[in-house]
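The values are calculated or read from the model by the stated rules, or taken from the named source; none is laboratory data. Given the structure is predicted, the values throughout are model-derived calculations rather than measurements. Positions of Cβ are backbone-derived with ideal geometry, glycine not excepted, and every protein chain shown enters the neighbour counts.
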Amino acid sequence: MKKELKIKQKERTNPLAHVFDDFIRFCQSKSLFMLHYCTGCGAIELPPAMTSRFDMERLGIQPMVTPRQADILLITGYVSIKTLKRVILTYEQMQSPKYVIGICSCTVNGGMYWQSYATAKKLNEYMPVDVYIAGCMPRPEAVMAGLQRLKDNIRNDKKEHKGSAWKDYFKRYDYYLGNQQALFGEDWQTPTDIIAEAKLYGLETEETYGKHTKLLEKHQTPLLPQEMRIK
Amino acid sequence: MNALHLMAELIFMPLIAFIVGMMMVLMMRKISARLQRRIGPPFFQPLYDIVKLYGKDTQISHGLIHDIGIIMAVGGYIGAEILLPVPGMEGIAAKGGVITLSYFLMIPSLGMALGVGQCANPNGSIGISRALTAMLAYDIPFILVVFGAAWHYQSTSLIGMIEYQQVHQWGIVEMPLLAIAGLFALQGMLGKQPFEIYIAPAEIATGPMVEMSGKYMGGLFVMQTFQLYTAGVLYASLFLGGGTSFLTLLPKAFLVVALPMSIAFMFPRYKTEDVIRILWKWPVMLGLISLAFIL
Amino acid sequence: MNKVQIDEILNKVNGIKITHKRKTRIRVDVDADSLPTLLELIKGRASYIHLSAITCVDWIADNQFELVYHVWSYEEKCLISAHTRIDRGSEKNPAKYISVYDLFKPADFFERDIFEMYGVTFIGSPRMEKFILTEWNGVPPMLKDFDAEAYVQETFKWTDYNPDWLQELTDQGGGIAVKPEDIRTAGNTHNMSTHRERDKAKAAAVKANDKMQGWKQ
Amino acid sequence: MTLLDHLFIVVFSCLIAISVVRNLPIVDKLAPVLYGLILIMLVRMASVAYGGDAYLSSFSLDLLGFKMHWQFTALSWYFAIITLVAALASAVFMSGDWGRQYREGGGNYGMLQLALIVNVFSMILLLGSGDLLSLFIGWEFVSWASFLMMVLSPSKLAKKSAVKYIVYAMTGAMALMVAIVMIYAVNDSLEFEQISIVFAQMSGSSQVALVLLLFVAFAIKMGLLPFHLWQAVAYAETPGPGAAFLGAISSRMGMFTIVLVIVQFIGLGGLKSVGTSFANMQTLLAWVAALTTIIPTYIALQQHDAKRLLAWHGVGQGGYMLLGIIMFDSIGSAGGLMHVLNHASYQAALFMTVVAVMYRTGTSDLNKLGGLVTQMPLTFLVMLIGIIGLAGLPPMNGFVSKWLVYRSLLVNGQPLLFVAAVLGTLGTILSVYKLIHNTFLGQLRLEHQNVREVPWSMLVPMLGLSVIVFITGFMPGLILPWIASVQESVGLPVIAHHLGGIEYAKGGLDMIWVSGILFYGFGVGALIFYFLGGKSKRVHQYDNYAGGHFLTSDVRYHYSNNFYPGLMHLIGTWYRGSFQWLENSIVSVMSFFSVFFENIYRAKQPVMLLLIGVVLALLALYRNLGVGA
C-alpha cells in the first residue's frame, strides 16, 4: 500500500462546499465524454458499444473528438513506444478530472506482443490507469461493465478513493516522468507544463519533484504562454 | 415599466430560455437516439453535461480573447433572449425589433469566431471559415423571411407581429411559402445535419470546438440551448402566432425544433458550396414568390 | 521470351546459378560483385523494371547477410529473385554494400529499411538515416545477436495480477497452468547467448509445469 | 469678415505654414496644432449644425466675368468636421515614430505633410463652394490634391494607380464641366438654384443627360459602380496615414456633391420624372448603390493584402450611403448621411491599425501575419472595434446607420435592395473576420515573437477614433442633430431623434437600450464564466491539438491562405469571368482617353496647365452651346 501523499491545498471552510462537490462529482459520473485512441484492434469493439445494441449514451457516455473535450482516454490495444509518446501528449492535453481505461491485454502486460522491443508493456507505468479491461479482445459487454465500474468509482470516490487516479499523475509526476525518460531519452518533453499545472491547481506534493524533473528542467526549452503586453 | 418588472425580465428571460433550451437539447438527442433505435440519454443529461464541464478541475485557456470569445458568445445570446418577447415579459423586447434581434444573433458567431481564432488551431479556423460561409448562406433566406413578415404585419416589432396574428390568422396560414422558406433557414441556422459541415468531427475535429474544454465547452453547450430556444420561439412568433401564455407558446416552439431535427438525422452533410447553393436556391426562391404575393 | 532466351541473358553474368522454380519464379544466385550487373541486365534487356522488394536474411553462423532483390516484369509476369551474400561485418566495421538506387528509385525505401533493421550501409543510397524506429537508439533490432527478450526484461516491468478469486482457484488446485512469469523467467536469459537454448529451457519449464499439474495425461 | 472668412484664412495660412516648415523637425509638433486650430474654427461655426443659418463668405471672386462665392451650410460643416477629425488623427499618427521610420525608409515626409494640408485645404474649398463654378474649382483641387498624395509612394504600382486615378478624375471633371455648361447655357447663371429651375425647363433627353453627367462625375470620385476600379488600389498604395485619411473621407466628397446637387436641387421628383415609371432614375441609382455594396465587398473578400481589403470595403460602404440617401425619406437619408461619419471613423481607425502592424512587422500581407494579439493588444482592440463597426453589428456606430438604411428599405418595400444590402453586410462580416483572424489571431510566427505594441503617438489617434466609433454608436443622438440640420438644409424630411437614437412610428431604435441589453448580456456571460467555472491556466500556442503531433516552430500550424474556399469555389468563377471582363473593358476605354491626359500630366506644371485647359474648354463649350441656343 502506497503511503498517502499530502497535497498543499487549503481547507475548504464553506459548509456547502461538500454538498457542492458531491453534486459535481455526481454529474461527473453521469456525463463522461470519451476519446478513443484507437491504437490497436480493440477499437472495433467500441462501435457496437455505442450503437443501438448497447447504447452508451443512456449511461451518459458520448464519443468526443479531441483530448480537450474528453474525460476518458480509451487506449484500445498495444501501445508502441512511438505511439506512447502521442498517448502521453494526448493525456496531458486532457482536462482533469480525466480517466484512462486500458482495453485489451496488450495494455496490461504487452499481451501477445510481450517479447517485442517496440511496444510498451505496462500502461500504468507512464500514466495512471483507472480501469483495465483485459481480454483479447474484450466483448462490448465487458467494455460496458468497465465503463460502469468507472462511473461507480467516480461516484464513490469520497469513500473508496478509486476515482481520482488522475491526481496521482500530478502528485507523483517524478515517477511517471522517470519511466517516460527511460524510454524516450532524457531530453523528453511535452508541450504541457505539468509542474506548473500542479502548482496552479494545488496538486503538488514532495514526490512531484525529483531527479527526473530536475533533468527535465535542464533539457526543457520552456514553453511559456504568450502573455499580453502593452509595452 | 417599473424597476422590479425590469429586473424580473433581465433575470428570468435568459433563465427560462436556458431551462427550455436544455429540454430542447434533450429532445433533440432523444429524437436522434430513437431514429437510431437507441434509448438515448436520461432526462437530466444536458444539465449533467453542463455542470460537469463547468466543474472541471483544470481548465486551459489560450489567452484573453479565448475567454472573451466565450463571454461574447454566451452574452450575445443572453441579450438576444431579452429582446425575444415571451408571454408576460415584453417590456424590454419592445425596445428592439426583429432587425436588431437578427443582428444580435450574429454577435455570438463573431464572439465564438474570435475565441476560436485565438486558440491558434487551424482546425478551428477552418471550422469558423465554414461556419461564417454557412451564415452567409442561411441569412439570405432568413432576412427575406424577416422582410416578408415585417411587411405583411406592417411592423418590425415581434410584439406587433404576435398581436396581429392573435387578431387575424397565423402567419403560416397567410404566408405558407414564406413559412417553408423560414423552416429551411432555421435548419441552416441550427447547424444541424445537412448543414453541419463546419463541425465535421472526423475531418476537422469538431472545427470551432477543437480547443474548447471545461467551462469554454460548457459555454458553448449553454449557447446551444439558447440557440435552440431562440430558433423555436422566434419562428413560433413569426409564423405560429406566438402565444398568450407559455402553455400555448412552448409546444409550438418544441414542435418547430423537433420538425427539422427529425428530418436532419436522416441526412448526410453537404459541402460548403452546396450549402450555399441549396440555401440560395430553394428557400430564396420560395421567399421571393411569397414576397410577390405579399407586396 | 522463353526459358532459353532468359537463360541466355542471365548467363552473361559470371558465376551465376539459375534455378527455375516455377513458370513465374526464377531464383538466381550471384556474387555480390556481379549483382548490379545482373540487375542492370535484366532491367535493360528483359523488361524487369519493377523492384518489388529487397529482403535481408541474417546468417549468423556463416557470418553473412543474404540480400534478396525481387524484380518483377510486367510483360513476362515473372519474378526474378536475385540472391547474394555479403560479409556480415562486425560492430566496429558494419556491413557495406552498393546501393541500386540509380537503377531502381524505390530501392531508397528498402535500403533505408534494411539499414535500420540490420545495419547494412548502402553506399550511394540517398538517405541512410532513421526511418521508422525514430525512438530506437540500440543495435539494429532484427540482428540475430540482438536478444529482444533480454532487452524487454531489462527495460520493462510487468503487471502482477493475482486477484482473490484466482488465489482461491489456485488454492483448490486449479488456476493458471503456466504462469506468465514462469515463461518470462524460464532459464535466466542473461546467461544464455542463443535463443535456441532458451527456447529449450522454456519448453522444459512448460513440460515440467504440465507434469506437475497433471495435464495432457 | 465672417467666421467662414476666418476659416478660409486660417486654413490657407496653415497651408503656407506647413509648406514652409515641412522639411523641418518642428512640423511634427506644428501640424497637429494647426489641424486642432482649424477644428476649433469649425467648432465655432457649430451653430450651423444645430439649425443655425448658413455662413456666407464676405468676399467673392470675379473670374472671366463669372462671380464666384462661398458659403458654409450644415452639409458643408458636417463633411468638414469629419475631414478635420480625420486629418487631425492622421497628423498625430504620422507625427512621431511612424514619420521617423518613413523618413528613414526613404519616404518624402515633408511632401506627405504638405499633401495632407493641401487635401484639407482643397476639401474645405470644395465644401464651402457657393455656386457651380466654385464647386468645379474645388472639385479640381480635390482631385489633384488626392493625386499628390497618391504619387508619394515610391512603388511603381502606386504611380500607375495614381495615374489611373487621375485619368478617371479628369473624365469625371469633364463630365461635371459639360453638365455645368448645360446648366449655364439655359439661363446664363451658375448659381446652385439654377439647377432645379433649369432641370424643370429641360426636355426629357436633356434631363437624362444632365443627371447622368452629374452622376458620372460624382460617382467616379465616390467609386460607385462601374467607376470603382481605380479606388482601392490607389488608396491602398498611398503611404500610411495618408491612406487612412483618403480612405476615410476623400472619396466622400462625391457623396457631398451628390447630396448638394442631385439630392438638393434635382430631388426625388426630378429623379422620378426621368425615365419610365417602371425604371426611373431613382431605381437606377438605387441599384447602382446596391451593386456597389455587393461587388466590391466580395472583391475585398478575395484580397490577401490588408490595406487593399480595407480599401475595397471603403468602395463597398459607399453603396450604403447612396442607398440610404436615394430613398429620400427621413430615416434612409439620415442613415446614408450618418454612414459617412461612421465609415470615416472606423475606416481611418482600421487603416491605422493595418499601418501600425506594418510599422512593426513590415508587411500587410495577410498570409504572412498571425497571432499578433498578444504582442499588440491595443491595436487589436482598435481593430476589433473597427471591424464591429464596419460589419455593422451592435453596439458600434456602423450598426446605427445600417439599421436606418435597412429600416428605410423595409418601409419603402424594397425586398431585393434589402437582400442586396444584407448580402453586402454578410460579405463584410466574412471579410473583416478574415482580416482580424489573419492579422491578430491564429499562430504567432517565430519572427514576430519580439514584436511590440506601437508607440503612443500612433496609439492615441487610433484609440481616439475607436472611442468615437463606440460613443456615436452608443449615443447616436450626439450626431443626429447635425444630420437633422443637414436634412433640413437640403430639403429632405427631417428625422425625429433623441439621444439614444430615433423615434419612428413603426418601431424606432434606442441604442442606449440596445447597448445596455448587450452589455448586460456580456456581464452575465462574464459572471457565469468567471464565477461558475474553475480557474483557468494559460498555455502556449504549441500546446495544441494536432492529432497527437508535437508542434514545432518550423512547421506553421495556421490557416490563412484562401480563407473561404467553399465560397470562392462558388463565386470565384463569376469573379474571374464577369468582373475581370468589366474591368478590362473599362480600362481600355479609359486608356483611350489617357493618351491625351498623360501628355498633360507629363508637362512641367500640371496644375496650372490643367486649370488653363479647363477654363479654355469651359469657354469654348459655352460659346458653342450659346451660339447653338
query = When you look at D:V555, is it in contact with a His (Cβ under 7 Å, 6 or more places away or on another chain) and farther than 30 Å from B:M7 by Cβ, yes or no?
reply = no
task = Assess whether B:P176 counts as being more than 28 Å from B:I92 (Cβ to Cβ), over 20 Å from the mean Cα position of the chain (by Cα) and surrounded by fewer than 24 Cβ atoms within 10 Å (Cβ to Cβ).
result = yes
request  = Those residues that are outside any helix (DSSP H, G or I) and under 25 Å from the mean Cα position of the chain (by Cα), I need them from the stretch D:97-112; list them, please.
outcome  = D:G107, D:N108
ask   = Which residue pairs have Cβ atoms under 6 Å apart, sit 6 or more places apart or on different chains, and have a first residue in the stretch D:433-457 that is under 24 Å from B:L110 (Cα atoms) and a second that is part of a loop (DSSP other than H, G, I, E, B) and aromatic (F, W, Y)?
value = D:K434/D:F563; D:Q443/D:Y557
ask   = Can you name the helices (runs of 4 or more DSSP H) wholly within the stretch B:1-98 that have at least 3 residues being under 30 Å from B:W151 (Cβ atoms) and within 9 Å of chain D (Cβ to nearest Cβ)?
value = B:64-83
query = In the list D:S122, D:S134, D:S76, D:S60, which residue meets the criterion of being within 30 Å of D:I180 (Cα to Cα), touching a Gly at 6+ places or on another chain (Cβ under 9 Å) and surrounded by fewer than 16 Cβ atoms within 10 Å (Cβ to Cβ)?
reply = D:S60
ask   = With respect to the numbered conditions (1) surrounded by fewer than 23 Cβ atoms within 10 Å (Cβ to Cβ); (2) under 17 Å from B:A134 (Cα atoms), which one is the sole condition not fulfilled by B:P283?
value = (1)
message = Among the residues that make up the stretch B:229-252, is at least one of them more than 10 Å from every other protein chain (Cβ to nearest Cβ) and under 28 Å from B:Q59 (Cβ atoms)?
response = yes
remark   = Among D:G491, D:G521, D:G534, D:G525, the single one that is away from every other protein chain (no Cβ under 13 Å), in contact with a Gly (Cβ under 8 Å, 6 or more places away or on another chain) and either surrounded by fewer than 21 Cβ atoms within 10 Å (Cβ to Cβ) or part of a helix (DSSP H, G or I) (or both) is D:G491
request  = Keeping to the stretch B:1-22, report how many residues are surrounded by 20 or more Cβ atoms within 10 Å (Cβ to Cβ) and either among the small types (G, A, S) or free of Cβ contacts under 8 Å to residues at least 24 places away in the same chain (or both).
outcome  = 2
task = Provide a single number: the residues in the stretch B:74-97 that are aromatic (F, W, Y) and free of Cβ contacts under 8 Å to residues at least 40 places away in the same chain.
result = 0
ask   = Within the stretch B:235-249, is even one residue crowded, with 18+ Cβ neighbours inside 10 Å and free of Cβ contacts under 8 Å to residues at least 24 places away in the same chain?
value = yes
request  = Could you list all residues from the stretch D:547-559 that are facing chain B (nearest Cβ under 8 Å) and modelled with pLDDT under 85?
outcome  = D:G547
message = Suppose we filter the stretch A:117-171 for residues that are assigned to a loop (DSSP other than H, G, I, E, B) and not acidic (D, E); how many remain?
response = 20
key: Test: C:W158 is at pLDDT 70 or above, more than 23 Å from the chain's Cα centre (by Cα), hydrophobic (A, V, I, L, M, F, W, C) and part of a loop (DSSP other than H, G, I, E, B)   = yes
note = For D:W144, the lone unmet condition from (1) over 21 Å from the mean Cα position of the chain (by Cα); (2) in contact (Cβ under 8 Å) with a residue 60 or more places away in the chain; (3) closer than 23 Å to D:A232 by Cβ is (1)
query = If we scan the stretch B:201-220, do we find a residue that is in a loop (DSSP other than H, G, I, E, B), among the β-branched types (V, I, T), within 30 Å of B:G63 (Cβ to Cβ) and touching a residue at least 40 places away in the same chain (Cβ under 8 Å)?
reply = yes
key: Condition met for A:L147 (farther than 30 Å from C:P141 by Cβ and touching a helix residue (DSSP H, G or I) at 6+ places or on another chain (Cβ under 9 Å))   = yes
note = Of (1) farther than 30 Å from D:V400 by Cβ; (2) at the interface with another protein chain (Cβ under 9 Å from one of its Cβ atoms); (3) of a type outside the set (S, T, Y); (4) surrounded by fewer than 24 Cβ atoms within 10 Å (Cβ to Cβ), B:I107 satisfies every one except (1)
note = Residues of the stretch A:67-94 being at the interface with another protein chain (Cβ under 10 Å from one of its Cβ atoms), touching an Asp or Glu at 6+ places or on another chain (Cβ under 8 Å) and either among the aliphatic types (A, V, I, L, M) or buried (at least 24 other Cβ atoms within 10 Å of the Cβ) (or both), in sequence order, are A:R68, A:I81, A:Q93, A:M94
So B:Y198, is it more than 21 Å from D:G525 (Cβ to Cβ) and not in a helix (DSSP H, G or I) = yes
Residues located in the stretch A:190-231, provided they are of a type in the set (S, T, N, Q) and at pLDDT 80 or above = A:T190, A:T192, A:T205, A:T208, A:T213
